[in-house]
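The values are calculated or read from the model by the stated rules, or taken from the named source; none is laboratory data. Source: prediction; values computed, not measured. All Cβ positions, glycine included, derive from the backbone under ideal geometry; neighbour counts span all protein chains shown.
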Amino acid sequence: MDKIHHYDIHHELGSGSYGTVYYATDTKLMRPVVIKIVHPERSTEKQIREQILEEARIASAIQHPNVSAIYEVGEYEKRPYIVMQYVPGRTLEELLETGGLNLQFVLSISIQIADGLAEAHKLGILHRDLKPANIMVTDGGLVKILDFGLAKRKESVELPDTSQKNMEKSVNPESSRFGTTAYMAPEQFVTLRSSQQSDIFSLGVILYEIITGTHPFSMLHNSDQTQIIRKIRAVKPTPPSKLRPEIPDTLESLILKALEKQPTNRFKSVNELHEALKTLMKTMDFEQGMIPGESSALLPSPSPQNKKDKERDKGQRTGVFSMLTEFFLQKDKNDVPENSIAVLPFKQVEDKNGHHTRYFGLAMADAIATRLAQNASVTIRPPGTFLSLSDQSVDEIEAGHKLETEYVLTGSFFSSEDGFTLNWQLLEISSKTIYAGNTISVPSFDLVKVQSEITDEIFDTLFNLGKLEARQEKATFENLPIDLSEQYLEAQAILSRFLWGSNNPKDLKEARLKFEEVLEKAPKFAAAHGGLGRTHLNYVTNGFGGPTHFMKAQRHLERALELDPENVEAKLQRAYTYLWRGEKEQARRDIQYLLKHNDRNPEVLLGAGIIIQLDGLHREALRLLGRALQKSPAAATQIYNRRARLNHYLGQLDLAWLEVNKGLTLEPEHSLLRTTEGYLYFREGGYEKAIPILESVIKEDPKRRVTHPTLAMCYVRNGEAEKAAELITDELLSIASTDCEMAFRLASYFVVEDNISEALHWLRKAIYLGYENYPWVLENPVWQPLKDNEDFQEILSDLERVFETNSKRWNKFLEDFWE
């Protein structure tokens, strides 16, 4: 089967007793879907047809982020079918293949399952077939409850149906009309009825299984149906702590309460279970400060005042717990690399003068981490990973355990009229032993001395321990005047604040001025040239400036590499300039070189994800961005924004919304995330929702040019073309001439405005500047009116050939890289 109406069939996902499930593309809305269609020989059975329709009615009534959506129900060649949301990821059944899961991961999953199930129960809908195979976890941490095929409304009557029961037994001995036997509640075998409490029992079985790695009624799958039913009805499960001693007593009690034989002894509702799980997560006080947005995850949700507030609260709540799920999903994959060092932000003991920013200690530690990372035998977790810890007290050993490194480098500093003092130490996590450390006291802060003394002593220590094959050569540093050390770190600190938090152009301007002052007195300081080049480049990529900033970025990055050929930051940023100069092959070669030699550097992973996104390899880009987030949670808002865009390219709008909600939970005023939020409303036709959001972004930041094309498209669709035209200024056109993504946004605006010649002009410009995202140009709903335009088809044809070539090269490289 190749097609069902406007759905293109790609491949079969599975087949059952009455139908087949396919992965397909909705060619009208350009999104991936799953289609369940009845077998031809069974399509005339009245009971099957009624069951398909009932499943669609029930599931489509539940609108919740943790429940898979139903899009359509219909018939094809007299065969009933259901079109469902495609959810990329892995089932709990697949995750359980390696045994029990991380405790915090279990809690964050369970909270999401309970949240979705509570919504179904609120509507009077029982799932009746909860099991690990029906719970999907996306790579972004979102949990989806699948398959409401056996669901019933509470008020519906359940009567025995011997013929149906016998038919299903003959197909699958572990299934019944009430669900999968191993996850059924004891009373269901007696009353032949389901209830909220039977769903709670099923969730209790899942909780037990994902924590211990075993079913509470062990050996079920090797038993016959009679033995399975007997054990569920009569045998008490082994306390989970007997199988996993570190399980808290409160968690064990919660699970065993859900598994009580008598329904009245279980939780009264899924809501009660949901709140118990949230309370438990809060009392565990885990990973304090390690996870973006954690504090808000554990706070009670405020009482919403209206429907709009309720929707926002639901989105943010789901976003927070999916953040936690993603974090612990990644954490379970990690091993402790040899010679791995977590560099914590240095703590300021006191600052009587009050002139150091919150980010100063982070910038100081980052400068040291950069030097350490130049040794290929050492793996560095940079201090940007701990951005949220820069004003908190944290146990260093605990931090090392949680981030799974062999060592942790920590320090504190203070300045006074008498000078600058820094205390530092390198601790081995497993033995809690200090292997190196010292106190540096100088009349005034000297970055060169701090970098050289700390890095040289750490390398000597590792060599003497037999951890390095050769002694590291003593570092040679640029001649940076002592009085500029603090100024340079202030510039880096402010740039970090812009990149990983504020996205405020005032920070970008302040960083630029400080870098310029440093270079005026130290023109051969490579790191400052690299920082200034990156600052100018961010003027371009954020829509604050055009060709002038682009040329300055090129000049300073080239100078940084002349002075320091191993400067990773400058190499990465230079790759972007190659891309936007039309030298795409050179950009790809540079990125691949950096990936090969700096595969644990989160900024390299992020940069590679961006360039691969522009080449149209969306799933590969998502994977790289996921790894970047794992290495540097501090980059969360930027990564969530990128992943939102990638998911909407793939037609997965609910996952795009999830990423936006996660980002806005961390930074509610982040202008790029709010621009993406406005675009998603535009994509859904919600212009009345998009316009106020985008207008507020521009009002707060008139130079945020990247927002203008999106707002202009909303104005045109909303019948306000004159307002739209006012946004397309000469300055905007100038900026778009140096930024491929901005050029494509502008091209899309001209399509909406029905100015086809300008649209094609800017599309060609975007492609020349590096926008070779063929799948999105092909599938973008905005561009569908041009599908019969000869010039557009010619551009698409050329772009397809380039995309195929790029895909082959990237896939070959990434195959080796992932290994």
Point to revise | Set THR264, THR250: member being of a type in the set (Val, Ile, Thr), under 31 Å from the mean Cα position of the chain (by Cα), in the same structural domain as ILE125 (by TED's automatic domain parsing) and assigned to a helix (DSSP H, G or I) | key: THR250
Point to revise | Meets criteria (within 19 Å of VAL751 (Cβ to Cβ), within 26 Å of the chain's Cα centre (by Cα) and either not in a helix (DSSP H, G or I) or not hydroxyl-bearing (Ser, Thr, Tyr) (or both)) for VAL716 | key: no
Review point. Which of the residues that make up the range 556-576 are crowded, with 22+ Cβ neighbours inside 10 Å and more than 31 Å from the chain's Cα centre (by Cα)?
Key: HIS556, ALA560
Practice item. Give the residue, chosen from ALA522, ALA553, that is touching a helix residue (DSSP H, G or I) at 6+ places or on another chain (Cβ under 8 Å) and crowded, with 23+ Cβ neighbours inside 10 Å. Key: ALA553
Revision key, fill the gap. In the range 595-609, anything within 14 Å of TRP810 (Cα to Cα) and surrounded by fewer than 22 Cβ atoms within 10 Å (Cβ to Cβ) is listed as LEU595, LYS596
Check your understanding: Hey, does the range 334-352 have a residue that's at pLDDT below 55 and not assigned by TED's automatic domain parsing to the domain that holds GLU569?
Key -> yes
**Study point:** Filter result (of a type outside the set (D, E, K, R) and surrounded by fewer than 20 Cβ atoms within 10 Å (Cβ to Cβ)) within the range 35-60
**Key:** HIS39, PRO40, THR44, GLN47, ILE48, GLN51, LEU53, SER60
Revision key, fill the gap. Of the conditions (1) buried (at least 20 other Cβ atoms within 10 Å of the Cβ); (2) not in a loop (DSSP other than H, G, I, E, B), the single one that GLN592 does not satisfy is (1)
Review point. Is there a residue being crowded, with 24+ Cβ neighbours inside 10 Å and in a loop (DSSP other than H, G, I, E, B) anywhere in the range 533-546?
Key: yes
Review point. Does the range 737-755 contain any residue that is over 18 Å from GLY616 (Cβ atoms) and small (Gly, Ala, Ser)?
Key: yes
Check your understanding: In the range 68-98, which residues are of a type in the set (Ser, Thr, Tyr) and touching a helix residue (DSSP H, G or I) at 6+ places or on another chain (Cβ under 6 Å)?
Key -> THR91
Practice item. Provide a single number: the residues in the range 220-242 that are at pLDDT 90 or above, surrounded by fewer than 17 Cβ atoms within 10 Å (Cβ to Cβ) and part of a helix (DSSP H, G or I). Key: 4
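Give the number of residues within the range 729-764 that are closer than 23 Å to HIS549 by Cα, crowded, with 19+ Cβ neighbours inside 10 Å and not aromatic (Phe, Trp, Tyr).
13
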Exercise for review: Residue by residue through the range 729-752, note down the ones that are over 22 Å from ASP615 (Cα atoms), under 35 Å from the mean Cα position of the chain (by Cα) and at pLDDT below 95.
Suggested key: THR729, GLU731, LEU732, LEU733, SER734
**Study point:** Residue list for the range 82-97, filter: out of contact with any Pro (no Cβ under 9 Å at 6 or more places or on another chain), in contact (Cβ under 8 Å) with a residue 24 or more places away in the chain and either over 25 Å from ASN647 (Cβ atoms) or aliphatic (A, V, I, L, M) (or both)
**Key:** ILE82, VAL83, MET84, VAL87
Practice item. With respect to ALA120, determine if the residue is farther than 22 Å from TYR22 by Cβ, in contact (Cβ under 8 Å) with a residue 12 or more places away in the chain, more than 26 Å from the chain's Cα centre (by Cα) and surrounded by 19 or more Cβ atoms within 10 Å (Cβ to Cβ). Key: yes
